[in-house]
Amino acid sequence: MPLVTYEQTSAWAEQIGDTVRSGKMPPWFADPCCGHFSDDPSLTEQEIATLTAWADAKAPEGNARDAPPPPQWTEGWNIPVPDRVLSMPKAVEVPAHGDIEYTYEIVPTNFAEDRWVQMSEIRPSSRAHVHHAVVYVRPPDSNWLRGAPVGVPFTASSLGDERLRHDAHSTTSDMLLVYAPGSSPDHWPDGMAKFVPAHSDLVFQMHYTSNGKAASDQTSVGMVFAGHPPAQRVITLQLANDHDTVPIPPNTDNYRVEVHGTLPNDATLLSFFPHMHLRGKKFEYDIVSPDGSVETLLRVNYDFYWQLSYRLATPRPLKAGTDLRAIA
C-alpha cells in the first residue's frame, strides 16, 4: 500500500504503531549480536516513540505546511543513462500457474575491449513475475555452459547433456549483479568496479513465479562504465553446497547445511546476500580460524519475502587462506 499522503498513511496508523513497536518494520533481520551494517534501516528509540505516540493519539494530521514535498519518482533507469544496455534477445513466456524452473539466457556482450562497470541495474519487463534475477559474467576462456544455446531461453531440464544440467546449478563465475524486488542498483565508489573481459557473455538466470496471470518478460541490464581502470576489482561469488539439491529429511524442523570456502588472495569483504527459499529459517557467515575458533560476521533470521543485502559499515580486510563458512 502507498504511504505517501496523510490520508493514505493515517488509515494504517494502528498497524504502523504495532509493527514499529515490535520491530517488524522497517524490515531488517540481522541479529544485533554480530556486525554493524551501513544499510541498516532500523528506527531509533526516539523515532519509534514518535510513531507509536502518533498512532496512540489517533493519528492527528498536524500542520500541513510542515509536510515534506511529495516524492519525485524516477522514470526509467535509476542509474545515469547507461553506456550500454543488453537485453535478453528472446522474451520468456511466463505461465499463469505452476512452478517455473530457473530460466537462463546467454547474451553476448560483443565488447571488443575489456570493460570496467561502475554502475549497473537489472530491469525486468514483468516485475510482478520475477522473484530474483542474477546476471553472471562468462569470460571467453570459461567452459561454463558451453554447448548451451545462445540468445534463447532454456532450463536445466531442457539440456540434453548431464554436464550442462549440472552447470546450470553451479558456477564459479563472477556475478555482475543481483536483482530482487526492492533491491537497489549497484553503484561502486571511485576506485572500485566490476570487470567484464572483452568478448564475454552475460548469463541471465531468471527465477519466475506464477501469480495467476500469464505474462512475457524480456529483462535488460544497463551498465555505466568507469572512466579508468579502478584500484580494486569487485567480485561477487556464491558460497554454495556442491550438490544440486539439499536432501532435507521429512519431519525435520532445523536441518543444518554447512559449506566452506577459502580465499586464494587477500581481499576486502564488502557485503553479504543470504539466499534460501521458503524453508529457510536462519543464515550465518563465520570466519573459522586454524585453531577452530569462530568469529560470526552476520547472523540472519531469514525471511523469504524480504531478501536483503547486508553491507558492512567498515569493510573487512581478509588474508589469503581465510576460511569462510556459511551455515543455513
Rank these for me by crowding, Tyr104, Tyr6, Tyr310, going from fewest to most other beta carbons within 10 Å.
Tyr6, Tyr310, Tyr104
Distance between modelled label sites at Glu7 and Leu43, nm, 7 Å Cα→Cβ extension
2.4
From the helices alone, meaning DSSP H stretches of at least four residues, give me the mean residue ellipticity at 222 nm for the chain, per-run term -39500 (n - 2.57), in deg cm²/dmol to the nearest 500.
-2500 deg cm²/dmol
Magnitude of the Cβ-charge dipole of the chain, K/R +1 and D/E -1, about the Cα centre, nearest 20 debye?
280
Can you compute the modelled spin-label distance between Arg146 and Asn63, with each label point 7 Å from Cα toward Cβ, in nm?
7.1
Label point distance in nm, Ala112-Arg316, each placed 7 Å from Cα along Cα→Cβ
4.5
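Ranked highest first by the average count of other Cβ atoms within 10 Å around their residues, in what order do 252-263, 65-76, 200-211 fall? Provide the component values of the computation, followed by the final result.
Details: 252-263: 11.0, 65-76: 6.8, 200-211: 20.0.
Per-residue Cβ counts within 10 Å, averaged per peptide and sorted highest first, yield 200-211, 252-263, 65-76.
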What's the center-to-center distance, using Cα atoms, between segment 190-258 and segment 271-320 in Å?
16
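In the neighborhood of Phe304, defined by Cβ-to-Cβ distances under 13 Å, what is the net charge if each Lys or Arg adds +1 and each Asp or Glu adds -1? Please report the intermediate quantities before stating the final value.
Numbers: positive: Arg279, Lys281, Lys282; negative: Asp303.
Around Phe304, the surrounding residues sum to +2.
Between Rg and the Kirkwood Rh of segment 3-120, both from Cα atoms, what is the Rg to Rh ratio?
Values: Rg = 22.3 Å, Rh = 20.0 Å.
Reported Rg/Rh (Cα atoms, Kirkwood Rh): 1.12.
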Find how many whole Å separate the alpha carbon centroid of segment 136-184 from the alpha carbon centroid of segment 110-133.
14
Cα axis of helix 13-22 to longest principal axis of the chain: angle in degrees, 0 to 90, nearest 10?
60
Got the relative contact order for the chain handy, in percent, Cα pairs under 8 Å and 6 or more residues apart?
23
Stretched fully, the stretch from Asn211 through Glu162 gains (0.36 nm per residue minus C-alpha distance, one decimal, in nm) 14.5 nm
Consider the candidate values (i) 35, 26, 23; (ii) 42, 18, 17; (iii) 46, 33, 18; state which one is semi-axes √(5λ) of the Cα gyration tensor in Å computed from the structure displayed.
(i)
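With the convex hull built on the Cα atoms of segment 84-233, state its orientation-averaged projected area in nm². Present the calculation step by step, with values, prior to reporting the outcome.
On the way: hull surface 35.3 nm².
Averaged projected area of segment 84-233's Cα convex hull equals 8.8 nm².
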Roughly what angle does helix 45-56 make with the longest principal axis of the chain, taking Cα atoms, 0 to 90 degrees, to the nearest 10?
60
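What number, in percent, do you get for the relative contact order of segment 1-148 if the mean sequence gap of Cα pairs under 8 Å and at least 6 apart is divided by its residue count? Show your work: numbers first, answer last.
On the way: 56 pairs, mean separation 28.0, N = 148.
This gives 19 percent for segment 1-148.
Any read-out appearing in this document is the output of simple, stated calculations on the displayed coordinates, not a laboratory observation. Computed from a prediction, not measured in an experiment: that's the story for all the values here. Don't worry about glycine lacking a Cβ; one is built from the backbone with ideal geometry, like all the others, and counts go over all protein chains shown.
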